[in-house]
Amino acid sequence: MKMVSNMMKFSKLGNTDIEVSKICVGAMSFGEPGTMHDWSLNYDDSKKVINHALNLGINFFDTANVYSKGTSEEYLGQALKENGI
């Protein structure tokens with residue numbers, strides 16, 4: 001995967017040494033369509049968005065276990081795993 005993180009700006013997370021991108025991707029639109037919203041993105045489309053974000057250097061994703069009855073987190077986790085993250 002080609003990373004262009006030299007263009008991405010990062011900040012420390014609180015008082016930790018963890019650096020997160022200043023841009024965050026919300027994961028509410030990921031998940032099995034119809035479980036929460038009809039407009040949720042299936043896995044293949046969610047993965048495209050996640051991969052694009054990673055290619056831009058984004059490493060900050062906001063999710064919750066209630067998005068699409070948990071399938072949002074499953075999709076995000078699977079895409080990260082497939083990217084070796």
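The values are calculated or read from the model by the stated rules, or taken from the named source; none is laboratory data. Only a predicted model underlies this, so the values are computations on that prediction, with no experimental measurement involved. Here Cβ is always computed from backbone atoms with ideal geometry, including for glycine, and neighbour counts include all displayed protein chains. We work out accessible area using only protein heavy atoms, side chains counted, and drop any ligands, DNA or RNA first. Shrake-Rupley method; radii C 1.70, N 1.55, O 1.52, S 1.80 Å.
Amide H neighbours of PHE10 under 5 Å, at least 5 residues apart or on other chains, H built in the peptide plane: list them.
Here the answer is LYS22, since their amide H atoms fall under 5 Å of that of PHE10.
Across the chain, how many lysine pairs separated by 8 or more positions, or lying on different chains, have Cα atoms within less than 21 Å?
13
Where only protein heavy atoms count, and the probe is 1.4 Å, what is the accessible area per residue for the chain in Å²? Can you show the working numbers first?
Values: 5490 Å² over 85 residues.
Each residue of the chain exposes 65 Å² on average to a 1.4 Å probe.
Can you tell me how much longer the chain between ASN42 and ASP62 gets when fully stretched, taken as 0.36 nm per residue apart minus their C-alpha distance, in nm with one decimal? Intermediate values should be presented prior to the final figure.
Numbers: separation 20, 0.36 × 20 = 7.20 nm, distance 1.75 nm.
This chain segment gains 5.4 nm when fully extended.
Using alpha carbons only, what's the Rg to Rh ratio of the chain with Rh from Kirkwood?
Numbers: Rg = 13.3 Å, Rh = 13.3 Å.
Radius of gyration over Kirkwood radius for the chain works out to 1.00.
Using the charge dipole of the chain (Lys, Arg: +1 at Cβ; Asp, Glu: -1 at Cβ; taken about the Cα centre), state which of HIS52, LEU80, THR16 has its Cα farthest towards the positive end.
Result: THR16.
Compute the angle between helix 43-55 and the longest alpha-carbon principal axis of the chain, please, reported from 0 to 90 degrees and rounded to the nearest 10.
Approximately 10 degrees, to the nearest ten.
For the chain, what is the relative contact order in percent, using Cα pairs closer than 8 Å and at least 6 residues apart in sequence? Walk me through the numbers before you get to the answer.
Values: 143 pairs, mean separation 29.5, N = 85.
Result for the chain is 35 percent.
What residues qualify as long-range amide H neighbours of PHE30, i.e. H under 5 Å apart, gap of 5 or more or another chain, H built at 1.01 Å from N?
Residues meeting the criterion, in which the H sits 1.01 Å from N, are LEU41.
Would you check the accessible area of ASP38, probe 1.4 Å, heavy atoms only, in square angstrom rounded to 10?
Roughly 140 Å² of ASP38 is accessible to a 1.4 Å probe.
Working out 0.36 nm times the residue gap between ASN83 and ILE23, then minus their Cα-Cα distance, what length gain in nm do you get to one decimal? Spell out each step's value before the answer.
Details: separation 60, 0.36 × 60 = 21.60 nm, distance 1.94 nm.
That works out to 19.7 nm of additional length.
Can you pull the one-decimal nm distance between simple spin-label points at MET8 and HIS52, each 7 Å off the Cα toward Cβ?
My value for the distance between the label points is 1.5 nm.
On the accessible surface of region 39-85, probed at 1.4 Å, how many percent belong to carbon and sulfur atoms? Numbers along the way, then the final one.
On the way: 1420 of 2680 Å².
That fraction is 53 percent.
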